[in-house]
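All of the numbers you see were taken from the coordinates with simple rules; none came from a lab. These numbers were taken from a predicted model, which means no experiment stands behind them. In this analysis, Cβ positions are derived from the backbone assuming ideal geometry, glycine residues included, and neighbour counts consider all displayed protein chains.
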Amino acid sequence: MKIKFFALFLILIFLTNCGYQPLYSKKDSLKIYIKTISLEGNKKINRKIMLLTNLKNQNAGSPPYNLRIVSDKDIEVIAKDMTGNATIYRTTINVTFSLKHEGKIFKEKKFSSNFSYNNMSNSFDLSQYQKNIEENLIIKIAEEIIIYINR
């Protein structure tokens, strides 16, 4: 009986003290020096991405980069019923991210994320749902940008 408790105790000790942390859990680990920031397109998306990625003008001892973010959002009707009313929508968010150093492109990539959803009878509920979807898509793209920069 004592051996079982001792083995259980050892397993718990090893599991709690293994020091596991997700690889990209620290969003403040982006240590690049951004000289200029150029934001184009949807201002709300750009501000949210800048906030989530923690990109700002900071000197980290690395060469200076010029950051450019171009974003847009598109809500399109995918399907309609017999009367012509929309039944299915798709929200798509596109973000082009580029870092330049001395006029040469250091990193550049286009991130895109979309989500399809059904129409709702209440237009207020639909607009709130669309805002929630937009927020989730922006968070997903920001996480992809962090992973892309840290590669």
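Each label was represented as a point 7 Å from its Cα along the Cα-to-Cβ direction; for Asn136 and Asn54 these points are 2.6 nm apart. Subtracting the Cα-Cα distance of Asp74 and Asp125 from their residue separation scaled by 0.36 nm leaves 16.5 nm.
Taking 0.36 nm per intervening residue step and subtracting the Cα-Cα distance, what contour gain separates Glu40 from Ser62 on full extension? Could the numbers behind the result be given before it?
Details: separation 22, 0.36 × 22 = 7.92 nm, distance 2.52 nm.
Value of the extension gain: 5.4 nm.
Rounded to the nearest 20 debye, the dipole magnitude of the stretch 27-151 is 580 debye, with +1 charges on Lys and Arg beta carbons, -1 on Asp and Glu beta carbons, and the Cα centre as origin.
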